[in-house]
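So the structure is just underneath, and the comments pick up after that.
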Amino acid sequence: MRTDATTTVLLAAVSLAGCNQTIVDDFGTASHALVTGSVTRHDGQAYADSPIFISCGVPPSHGFGLEATTNSVGAFRVPLNEPMGPSRTESVLLRCWISAGQPVFAVDTLDILFTPTSAPAHTTMVTIVEE
C-alpha cells in the first residue's frame, strides 16, 4: 500500500517527465452565429418560458448544442459558438436542428451561417410552430 508521500513523488516524477514538451490547446471557438425567433403552439399561443434546444454538426452526435429558454412571449435569442477551433478565416454554413418542448413537439432543420468574428455575428431568424 502506497503512502501519500509516495504517491506525491510518483505524480511529480510523471509531471516532470514531459516538462520540455509544448502543449498546444487549440480547442477555442472556431466561428459564431446568432439565432433569434419565436415558438408558438398550434393554436397560436406563445410557447412561453420554456426550453428549446439547438444542435449543429453531423448527426447523430451533431457536434455541439445549446439549451435556451423562450421568454414570456415565446421569443428567443441564442448566440452560438462553434467549438473546437482553430478560428475559421471564412464564414461557413452548418446544418442545425432546433427543437422545442419536453417532450419535443416541433423540430426545424436549417443551415446557419457561422462567421469568423462574433461582432457582428450573422443573425438567422426562425419561427417554430407546433405541428
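The values are calculated or read from the model by the stated rules, or taken from the named source; none is laboratory data. Quick caveat, the model's predicted, so the values are computed rather than measured. Using ideal geometry, Cβ is built from the backbone for each residue, glycine included, and neighbour counts are taken over all protein chains shown.
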Check your understanding: Any chance segment 42-50 includes a residue that's assigned to a loop (DSSP other than H, G, I, E, B), modelled with pLDDT of 90 or more and crowded, with 17+ Cβ neighbours inside 10 Å?
Key -> yes
Exercise for review: For segment 59-72, enumerate the residues that are surrounded by 12 or more Cβ atoms within 10 Å (Cβ to Cβ), modelled with pLDDT under 80 and either in a strand (DSSP E or B) or more than 13 Å from the chain's Cα centre (by Cα) (or both).
Suggested key: none
**Study point:** Considering residues of segment 73-130 that are among the polar types (S, T, N, Q) and in a strand (DSSP E or B) only, the residue surrounded by the most Cβ atoms within 10 Å (Cβ to Cβ)
**Key:** S99
**Study point:** Close pairs (6 angstrom Cβ cut-off, 6 or more residues apart or separate chains): basic (K, R) in segment 84-96, in a loop (DSSP other than H, G, I, E, B) anywhere
**Key:** R88/A30; R88/P116
